[in-house]
Amino acid sequence: MWRATWKGLLGHKLRLALTALAIFLGTSFVAGSYVFTDTLGGLFDNLFSSAFAGTDVLVQATVDEDLSFVQRARFDPEVVDAIQAVEGVEAAEGTVGGFANLATPDGEVLGGQGPPTIGSAWIEVGNPFELRDGRPPAADGEMVLDKASADRFGLTVGQEILVITLGRPERFEIVGLIGLGSSDGFGGATAIGVDPVAADRIFGADGQIDAVNVVARDGVDPALLAEQIQTVLPDGVRALDARLAAEEQLAGFKQALGFINTFLLVFGLVALFASTFLIQNTFQIIVTQRTRELAMFRAIGATRRQIMAMVLGEATIVAILASAAGVGGGIGLAEAIRWAFERFGGDIPSGDLVVARRTVGAALLTGLVVTLVSALIPALNASRILPVAAMREAVSPPRRRSLRRRGFTGAILAGIGVALLFAGLRGFRTAGLSPVAFVGAGAGSLFVGIAVLTPLFTRPLGRTLGAPVAAMGTIGRLARENAVRSPRRTAATSSSIMIGTALAALALILGSSLDTTTDALIRDRFRSDLIVQPGGFGGAELSPRVAVELAELPEVSALVAIRRNAAEIDGDTEFVASADMARLVELVRFENRQGRMDQITDSQVAISTDLAGDADVGLGDPIVITFGSSGDQSFTVGAVFEADGPGSDLYMTPAAWEANFVERFDSSIFVNLAEGVGLEAGREALTAVTAKYPGTNVLDQNQFAEEAKSQIRQFIGLVFALLALTLLIGFVGILNTLLLSIIERTREIGLLRAVGTTRRQLSRMVTWEAVIVAVFGAVLGLTLGVFFGWAVITSLQADDVEILLSIPGTWLAAAVAVAAVSGVVAAVYPARRASRLNVLAAIAYE
Amino acid sequence: MPDIAASTERATKIYMSGPAEVRALDDVTVAFHKGRFSAIMGPSGSGKSTLLHCLAGLDSVTGGKVYLGEQDLGTLSDRELTLLRRSRVGFIFQAFNLIPTLNATENITLPTDIAGRRPDRTWFNRVIDVLGLGDRLTHRPSELSGGQQQRVAVARALVARPDIIFADEPSGNLDSKSGAQLLGFLRRAVDDLGQTIVMVTHDPVAAAYADRVVFLADGRVVDELESPTSDAILDRIKSLET
Ligand SMILES: Nc1ncnc2c1ncn2[C@@H]1O[C@H](COP(=O)(O)OP(=O)(O)OP(=O)(O)O)[C@@H](O)[C@H]1O
Ligand SMILES: [Mg+2]
């Protein structure tokens, strides 16, 4: 039987190669996502382990695990003396650090577009850095910079740059370049070291310290020493074996990386899902074409089980080969992602890509499972072929399952899908299953349901869509009839395109709706004339000095600076904010529901209706907020306001903020201009101040809206690029089906040629057939996509999220056009094969 | 020779199958006259189909010349040959004559449709009439019997009014009654409609419908018979075998 399996495989090289391509694409994404995160993880493993290279015990304020990215509380430097007195301590030194953005003296921002900008005091004890060039900072005004950043920005020892922290930007001279372990850089982050006096000032430490590095005496166990040191520490400060500390930091970091992993995995799985239709279709067609051969096997005594094993055996071999290639593709993909990251400024330390055993396992397993599941029904059909089929003249059409049963199955699957979808969208969850899982499962079930139902309406819908083609003449009519000739095949082929188009349409609708909503919201809420924001996204923040200096301008009548950071409420990480509340309501429109936002006290918070619903609290109720550095703190709800989409869900007073966050940066400043000051004059005045703080932008209402929308668009663009993959699989599906159909219709094509059809006419026929199938899939996908879009948006609206449904007609039409064009391209090779067909061989009678 | 519809001049066709060469046609010189019904007979592998394909411009000879009317087929490109088949040649194969997605009418008008021409209505009706297909025109091939399918194929060959029709064992797949009926139609097409038909057959009874029989063996023309009867043909075959 294995011999037959191999023969079967070799006999269908081309079609199986195309099936393999689909498996390959999907597994590539699965493998790529793991390779990328493992590689980054490995690189950061190295960095983190060398980050505490010289230190045995690290003393830091405790921090909530889930909020490990929040800056830790500072503590009194007297602790250092107490630590030094502990038995077994060789040396101990306090250190302070924080975010430090960099710019050239003319204000050009260096780095910081995403990767962090780290600064710290240059100390003696447990300093992990190695000097690569120059000397250490010896006085205020001197600094060292990591060599990778220096190389990237073309900086050398002796040059001066601006360091922007909490105060005014300051000039520092680069006196040395540093590295960490074997690496010159920190994954795109910039790292500087300044002398302790400067550090205390620029990081606003006010004499306090962030951490103490402790070196143990020879032969002293760090873990035991940490326990010893703990006894002399005040509450909220903890001594930890430095290696453990490194691992803890790493864990937090890897969690952040996990997002990328999940993101890529989702696309890999969508691609594989789309592939199942393609794989199933290919095997089914091969089985149909081999009906007589398989019947012969049955006639000479092969059992059903053996026939099934033969088909599944073929599938297994294809799956393993394709998935193995997928691992290779994944490595390529990871390399491509790394390249993309580098292009956007995130210098990722070069190093070998990590291909873990788990990666190979995951890729092979998903490839295998998807392929076998897809091949199951064709294999079953193959096993049901009766031996008498061998004697029959023509290939018998596949047994028609009753339409009623098909309609029933499809409708049930689609129904379950819709139910799950809405359950998920309405935030329903059970143990271990998030709403997102419900939405995913619902969408999947709906897709399968529609795919099952599609053959029922392939003929009428396909003929309608193909009407303009058929109107062009005989060639067009032949193309249209060929397109709907085998409804099941057409349905399966168009399914991948349907999935791709549906998701693309969803992305387009969400993007367009967000755009429209952003415009409306900003027009509605934006009461101030101008807003000052850090440029770029992530990493950068505003020095609190900016607001102070802007307030002094005569052109400014009022301003409010808003700080944002993360805290945990009711088990979820939420963005909380702080501002002068009276000013806030003056410059940003909020709709008060209960209480008054502008009158909350330092022990009260104002929360959005969203959060009130999620955490199930109302006016006057207590609410516990877990802060990274100060732990659990209880507040009472002093006001409830209408949720405002992009803003924060919780506001507190500046005093409450300062008691619970170490960070003093501002996230944005809303500014109202004095009477009689024009927008342009005001902008000029503000820009004169912000120019001193590189990386600070002054925006008016329109620019702010554009800024907000450009970020949405970037995200949609990314989603789109990845969806192109699904379309690619749809494309391969069309190519595959066309090739198979052409092989099946060899005789017919020969006849057409014999009676005078030119090669060009044949090409046209095949191309139009592809276009009809592609457009068929795209139209189904579009319909589903619009439904998804509508479902998501209305669910959000039901959840009190202010969002307007907007359906971008032109873009959706463009999506159909793209599908049509992909059909044309997919038809190039099959059309060529059809037109090159040897007429004599085609009409030869058996 | 204005009344010659198709002819070969010392035509040779050599197939290379592995190391051995097969002479499917070996120095064949033969001519088929207009307005006549000719049959080609011979044992299996004697080159009947090959000769037919070369005459029809579906295949090319290795040596010698093939003419359709006055046109030397050897000088034509693939596209020119296609256009020539479209307008001047009709085909009837043993089976698989029809496009399954097209109905009978569409199959019949396929060559003219492909050429972008309109079929001559009165001629179309006459052909349909002669072949008795009037009530089957909207049926698809799967809804027609084998005999009806072959009649549709004959209609297709006739409606384009080609210079010559080639038929390769057109009755080979039919029972004797439908076969006889079909051959009767071919005969009428020549007698009543003035067509020229060249037909390959194994069956002496079928060949007896023709005006003339050409006998092939091992790629050579070995004999001819004018106005044959099936008995005369059988005799001739026997004498050739010995
Ligand atoms: N493509 C080919 N390659 C090699 N040899 C071929 C090819 N086509 C035909 N032949 C050989 O040429 C010879 C003539 O073949 P042809 O098909 O013309 O015979 P035929 O008289 O039509 O036979 P039949 O009555 O069986 O249909 C045979 O020996 C055949 O094996
Ligand atoms: Mg033959």
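The values are calculated or read from the model by the stated rules, or taken from the named source; none is laboratory data. These numbers come from a predicted model, not from an experiment. Cβ: placed from backbone, ideal geometry, glycine included. Neighbour counts: every protein chain shown. These area figures cover heavy atoms from the full protein model, side chains too; ligands, DNA and RNA do not enter into them. Shrake-Rupley method; radii C 1.70, N 1.55, O 1.52, S 1.80 Å.
Kindly identify segment B:161-216 as rounded, prolate or oblate by the Cα gyration tensor criterion: order the square roots of the eigenvalues as a ≥ b ≥ c, call it rounded if a/c is under 1.5, otherwise compare a/b with b/c, prolate if a/b is larger, else oblate. Oblate. Size descriptors for segment B:1-132: radius of gyration and Dmax over Cα atoms are 17.0, 55 Å.
Taking amide hydrogens as placed 1.01 Å from N in the peptide plane, the amide H of A:A211 sits under 5 Å from those of A:T95, each at least 5 positions away in sequence or on another chain. Per residue, the accessible area of chain A comes to 42 Å² when a 1.4 Å probe rolls over the protein heavy atoms. Accessible surface calculations at 1.4 Å, restricted to protein heavy atoms, place chain B at 43 Å² per residue.
Normalising the Debye intensity of segment A:57-253 to I(0), with uniform scatterers on Cα atoms only, and taking log10 at q = 0.09, 0.10, 0.14 Å⁻¹ returns -0.34, -0.42, -0.82. How large is the accessible surface of B:Y209 in square angstrom, using a 1.4 angstrom probe and rounding to the nearest 10? Surface open to solvent at B:Y209 totals about 70 Å².
For the pair A:T783 and A:Q711, a Förster radius of 30 Å applied to the C-beta separation gives a FRET efficiency near 0.50, rounded to the nearest 0.05.
Summarising the strand pairing of the protein assembly as shown, around 75 percent of its internal DSSP beta bridges are antiparallel. Helix A:13-51 axis versus longest C-alpha principal axis of chain A: approximately 10°, rounded to the nearest ten. Compared with the alpha-carbon gap, the fully stretched path from A:L372 to A:R168 is longer by 67.1 nm at 0.36 nm per residue. Extending 7 Å from Cα along the Cβ direction at A:A520 and again at A:A724 yields two label points whose distance is 3.2 nm. Going by accessible surface with a 1.4 Å probe and the largest first, A:E227, B:E70 read B:E70, A:E227. Amide H contacts for B:A5 (H built 1.01 Å from N in the peptide plane; partners 5 or more residues away or on another chain; cut-off under 5 Å): B:F32, B:H33, B:K34.
So if I place +1 on the C-beta of Lys and Arg and -1 on the C-beta of Asp and Glu, and nothing else carries charge, what would the dipole magnitude of the protein assembly as shown be about its Cα centre? I want it in debye, nearest 20.
Numbers: 94 positive and 116 negative charges, 1986 e Å.
Approximately 9540 debye in magnitude.
For segment A:619-693, GluC sites (Glu not before Pro) meeting the loop criterion (DSSP other than H, G, I, E, B) and having at most 11 other Cβ atoms within 10 Å: A:E675. The angle between the Cα long axis of helix B:146-159 and the main principal axis of chain B comes to about 90°, on a 0 to 90 degree scale. Simple spin-label estimate for A:L840 and A:K13 gives 2.4 nm between the two label positions (7 Å along the Cα-to-Cβ direction from each Cα).
Each residue was assigned an accessible area with a 1.4 Å probe, and for A:I522 the value is about 20 Å². Is segment A:598-748 best put as rounded, prolate or oblate by its Cα gyration tensor, with a ≥ b ≥ c the root eigenvalues, rounded for a/c under 1.5, and otherwise prolate when a/b is larger than b/c, oblate when not? Note, shape of segment A:598-748 comes out oblate. Please list, by residue number, everything in segment B:97-126 whose backbone N is under 20 Å from a paramagnetic label point 7 Å out along Cα→Cβ of B:L83. Residues B:110-119 qualify, since their backbone N sits under 20 Å from the label point. Taking all protein chains together, B:R10, A:R238 sort by accessible area into B:R10, A:R238, largest first [probe 1.4 Å].
Using the Cβ-Cβ distance between B:S239 and A:F408 with R0 = 60 Å, the FRET efficiency computed as 1/(1 + (r/R0)^6) comes to roughly 0.30.
In order along segment A:669-685, the Karplus-derived 3J(HN,Hα) couplings, from 6.51 cos²θ - 1.76 cosθ + 1.60 at θ = phi - 60°, round to 10, 8, 10, 9, 8, 5, 4, x, 8, x, 4, 5, 4, x, 4, 4, 4 Hz, and Gly and Pro are given as x.
For chain A, relative contact order (Cα pairs under 8 Å, six or more residues apart, normalised by length) works out to 17 percent. Extending 7 Å from the Cα toward the beta-carbon at both A:T687 and B:S142 defines two label points whose distance is 7.2 nm. Under 5 Å from the amide H of B:V221 lie the amide H atoms of B:T29, each residue being 5 or more positions distant or on a separate chain, with H modelled from the backbone and absent for Pro and chain starts.
Ignoring ligands, DNA and RNA, how do A:T291, A:T303, A:T231 rank by accessible area with a 1.4 Å probe, largest first? Write down the numbers at each step before the final one.
Numbers: A:T291 15, A:T303 70, A:T231 110 Å².
Highest to lowest solvent-accessible surface, that is A:T231, A:T303, A:T291.
Buried accessible area for the B:A pair, summed, 1.4 Å probe, in Å² rounded to 100? Using a 1.4 Å probe on protein heavy atoms, the buried area is about 2400 Å².
Computed in the context of the full set of protein chains, the accessible area of chain A at 1.4 Å probe radius has 58% of its extent on carbon or sulfur. Multiplying the residue separation of B:D27 and B:D175 by 0.36 nm and removing their Cα-Cα distance gives an extension gain of 49.7 nm.
Each residue was assigned an accessible area with a 1.4 Å probe, and for A:R833 the value is about 90 Å². Gain on full extension, evaluated as 0.36 nm per residue between A:Q159 and A:D621 minus their Cα-Cα distance, stands at 160.6 nm. Rounded to the nearest 10 degrees, the angle from helix A:2-11 to the longest Cα principal axis of chain A is 90 degrees. Taking a ≥ b ≥ c as the square roots of the eigenvalues of the alpha carbon gyration tensor, segment A:148-232 is oblate, as a/c is not under 1.5 and a/b does not beat b/c. If R0 is 51 Å, the Cβ-Cβ spacing of A:V828 and A:Q797 corresponds to a FRET efficiency of close to 0.65.
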